[in-house]
Amino acid sequence: MIVTIDGPAGVGKTTLASKTASYFHLTYLDTGAMFRSAALALGPGVHELPETVIAAALSKLDYTLQGTGPDAVLLLNGVPLSEDIRTEEAGNAASALAKSTSVRSAMVKAQRRMAQHGNLVAEGRDMGTVVFPEAECKIFLDADPAIRAQRRFLQLQAMNKPADLQRIEQQVRARDERDRNRAIAPLKPADDAVIIDTSTLDIDGVFRAIVHCVESVQS
Ligand code: DC
């Protein structure tokens, strides 16, 4: 069983994918974390270098999953990823690097290799369209950019971190633009995806829709 959850930044993929993994005891694969950690490991401006240089740098990055099920831990070169990948800057750097052809093909290979060992819920941008086109259940989450920016703003405020709503909304829109319009594996729903607009639904409402989708393919 493979469940894919794709969608733009700030739509709630991570919360919903980990909830789905726990509920159905699936291994959770956060592919955004792979792009984020690669961008941090390769350093600022790497996306501007020639593809051959990017490919050589990337060949030194080895992604593996430690364990299976909802508590599986994603490792980079044997080490769990640090919380540094969770900043807006890391997200933007990941989005810029994600346009590279060599990065995309290396990530697809690593993601499929990690899926070999069992049942999986994979979240990202191209899980249902490119990486796991044969997945049994494909979910595409979407929400108005202003609402996603507002959610992020409230999260940062709750963590007592500096937050500027206007700037966050600009970043959300810029990342959408890049992720949706890149040449390879752009963010878009697979033809057979269930599309859920989370603008007006709370997490429980969206989760019920995902459970319904998984249960309908299980029976
Ligand atoms: O889901 P996220 O915000 O952690 O992802 C960070 C960036 O990584 C996203 O803006 C684009 C890129 N990404 C991608 O191109 N393909 C994926 N499957 C996952 C993420």
Dipole magnitude of segment 1-120 about its Cα centre (Cβ charges: Lys, Arg +1; Asp, Glu -1), debye to nearest 20
360 debye
Counting all C-alpha pairs of segment 80-136, share separated by more than 18 Å (%):
43 percent
Which of 114, 159, 127 fluctuates most in a GNM of the chain (C-alpha springs under 10 Å)? That residue is 159
Rg from C-alpha atoms of the chain, normalised by the globular rule of thumb 2.2 N^0.38 Å, equals 0.97
With both bridge residues required to lie in the chain, what share of the DSSP beta bridges run antiparallel, to the nearest 5%?
25 percent
Restricting attention to segment 122-164, which GluC sites (Glu not before Pro) occupy a DSSP loop and are surrounded by at most 10 other Cβ atoms within 10 Å?
134
So what's Rg/Rh here for segment 79-207, counting alpha carbon atoms and using the Kirkwood radius for Rh?
0.96
Distance check, please: which entries in 13/99; 19/109; 60/99; 60/161; 19/161; 13/109 exceed 28 angstrom between their Cα atoms?
60/161
Can you compute the equivalent ellipsoid semi-axes for segment 6-112, i.e. the square root of 5 times each eigenvalue of the Cα gyration tensor, sorted largest first and rounded to whole Å?
24, 15, 12
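Read the figures in this text as sums done on the coordinates, not as results from a lab. Just so we're clear, the structure is a prediction, and the values are computed from it rather than from any experiment. Glycine also receives a Cβ, built like all others from the backbone with ideal geometry; neighbour counts cover every protein chain displayed.
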